[in-house]
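The values are calculated or read from the model by the stated rules, or taken from the named source; none is laboratory data. Nothing here was measured: the structure is a model prediction, and the numbers come from that model. Please note: Cβ atoms are built from the backbone with ideal geometry, for glycine as well, and neighbour counts cover all protein chains shown. Surface accessibility is based on the protein's heavy atoms, side chains included, excluding ligands, DNA and RNA. Shrake-Rupley method; radii C 1.70, N 1.55, O 1.52, S 1.80 Å.
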Amino acid sequence: MTIVLTYKSLLIMATVFCLLLSLIYNQKTKKCFTIETHTPTVNKIEKESEIQKLVNEIFNHIDQKMPKVTFAHIDNTTSTKKSKMYIKSPKEKYCVGDELIVQFDAYDHLGQKKAYGGDYLRAIISNPDTQARASGRIEDFKNGTYHVQFTLFWEGKVVVTLFLMHPSEAVSAKWKSRNSWYGNVGYLCKFTSPGKQVETKCGFNLSKEEELCEYIDERDEEYFYSVRSNVRLEIPQQIPEIIVSRCQNSSLEAKEKCKTGGKLEYPSGYVMNNIWYPKTCKMQTYHEVEERNACMKGRFFYMFGDSTMHQWIYIFETKLKNIKFLNVYEGGWSQKHLGVDTERNIHVLWKHHARPFIYVGFTTLTEERTIPREIDLIGGNPYTVIAFNIGVHFRLFPVHHYIKRLYNIRRAIERLLLRSPETKVIIKTENTSEMGGEFEGMSDFHAYVHYLIMEIIFKDINVGFINGWDMTTAFNYNRFHPPEAYVRNEINMLMTYTCS
């Protein structure tokens, strides 16, 4: 994923190179022609299909979680200084594996208790001595009171930290804005044929008064057309540090190696000294090149995603010298990466996921396929590993597009596992980000919504999860592209699933 945000406004111009050899452009009539015949889009969406019913159902479920509030003055918004937090039902002694519940009561700047919920909060516990950190899961009672649930993973000191990422009033505005406006991103398409070249606007939703070229996936019902608030404020410390002991019969005992089939949960583990420790299973650490080569031997890896998964392929390219990457005659970092190790029979492919893909530059669409279409082209076998991530490039568009894409991915995985149950499928969730600008469109709030959608859609399916959302929160990097010390943990999770 690469986001180049050079505009102070929300209008981010990105461009896409649409190389369609079958396209004929008629300069006189100003019409687009293709070999395919497309049914008018309006007729499709008037009839609510099974896919659209499910999309609407999930959207309504998420929508019910969102505050619907307005405010006239900042004094009525949530204040970090006036709000309060304390340990719910404190104990005299805490043991490794115990649950710690912290209550947060939101107050506005006038000192009045908030009567509604919806604040976007982020919580971590930490031990600065051992560099240990873990996330907390937040329960919203919709009345200004929240419970933050932590698992006490380690022995020793525990410090609680709570951040107000966005007050509920900002969350309400962001949710409404995201799902009612398509104007955050403008795409430019370039159509070429021998001796001719035309540039025009393209995107998910353009004025139907203009003549449009439609790019429709009939089966999956996906369509593409051509023509600030206070952020991440820490709640002042109101909870003294606690000391955790390693008691007998701890609920966190030795675990088996991680394997596919688990659920996406939060928190899913903790970090200590830059090593990730999953909550319900054991991650194998592959420190040496020979260990990774032995795990990857005889396997085909297909990876589809954005630049955060491109970080994986970069490590493969720079650290695994035995894998030779081919020149695919494409430009830019988002080009396809194809590497082979003939001695060990290793095949590695990375491709960026299909539109929407925010990229300042032209990229060809002739070989672009959505992740469901890519999965459908893979036969699968015990030596095949498919990994993908998708999310940040959808933050700037109404959420129903993301719901539909994820649901179509789930259907493709189900088809794959029917024909080849031995194939490994790994899903990486989004990373947290800098939250340093463009708060309207690129806020982590949108990634939080995506995470909730993933929990729903990929429930009860035989895949492995690399929980980037939880891991980057615990590591506390707050960067789209965390350093290599972090990325190695994601690759170790990938290798653990692969060789379990």
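Structure data summary
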{"quantity": "Selection within segment 96-110 - under 25 Å from VAL244 (Cβ atoms), open to solvent by 30 Å² or more (accessible area, probe 1.4 Å) and part of a strand (DSSP E or B)", "calculated": "GLU99, ILE101"}
{"quantity": "Residues of segment 129-149 satisfying the condition of being under 20 Å from ASN476 (Cβ atoms) and either at pLDDT below 95 or assigned to a loop (DSSP other than H, G, I, E, B) (or both)", "calculated": "ASP129, THR130, GLN131, GLY136"}
{"quantity": "Sole residue being modelled with pLDDT under 95, open to solvent by 60 Å² or more (accessible area, probe 1.4 Å) and of a type in the set (Lys, Arg), chosen from LYS68, LYS44", "calculated": "LYS68"}
{"quantity": "Contacts under 6 angstrom Cβ, first residue in segment 141-168 being under 30 Å from ARG246 (Cβ atoms), partner among the basic types (Lys, Arg), 6 or more apart", "calculated": "GLN149/ARG137; GLU155/ARG246; PHE163/ARG122; PHE163/ARG232"}
{"quantity": "One residue from TYR286, TYR270, TYR302 being in contact with a Lys or Arg (Cβ under 6 Å, 6 or more places away or on another chain), crowded, with 17+ Cβ neighbours inside 10 Å and not acidic (Asp, Glu)", "calculated": "TYR286"}
{"quantity": "Condition check for PHE104: among the hydrophobic types (A, V, I, L, M, F, W, C) and either modelled with pLDDT under 95 or over 26 Å from LYS176 (Cβ atoms) (or both)", "calculated": "no"}
{"quantity": "HIS446 vs. criteria open to solvent by 30 Å² or more (accessible area, probe 1.4 Å) and modelled with pLDDT under 95", "calculated": "no"}
{"quantity": "Qualifying positions in segment 71-95 - loosely packed, with under 12 Cβ neighbours inside 10 Å and closer than 16 Å to ALA170 by Cβ", "calculated": "ALA72, HIS73"}
{"quantity": "Near pairs, Cβ below 6 angstrom, 6+ apart or cross-chain, from segment 91-103 (at positive phi) to any residue that is buried (at least 16 other Cβ atoms within 10 Å of the Cβ) and not in a strand (DSSP E or B)", "calculated": "GLY97/LEU252"}
{"quantity": "Selected residue (only one of PHE394, PHE465 is in contact with a strand residue (DSSP E or B) (Cβ under 8 Å, 6 or more places away or on another chain) and over 22 Å from SER126 (Cα atoms))", "calculated": "PHE465"}
{"quantity": "Segment 141-166: number of residues that are under 22 Å from the mean Cα position of the chain (by Cα) and farther than 23 Å from GLY468 by Cβ", "calculated": "0"}
{"quantity": "Segment 111-132 residues that are of a type in the set (Lys, Arg), paired with ones that are surrounded by 14 or more Cβ atoms within 10 Å (Cβ to Cβ) and in a strand (DSSP E or B) (beta carbon under 7 Å, 6 or more apart)", "calculated": "LYS113/ASP105; LYS113/TYR107; LYS114/THR78; LYS114/ALA106; LYS114/TYR107; LYS114/ASP108; ARG122/PHE163; ARG122/MET165"}
{"quantity": "Residue, surrounded by the most Cβ atoms within 10 Å (Cβ to Cβ), within segment 339-359, restricted to residues that are within 24 Å of the chain's Cα centre (by Cα) and among the hydrophobic types (A, V, I, L, M, F, W, C)", "calculated": "ILE358"}
{"quantity": "Unique match (being touching a helix residue (DSSP H, G or I) at 6+ places or on another chain (Cβ under 6 Å), of a type outside the set (Phe, Trp, Tyr) and crowded, with 19+ Cβ neighbours inside 10 Å) among ILE386, ILE390, ILE371", "calculated": "ILE371"}
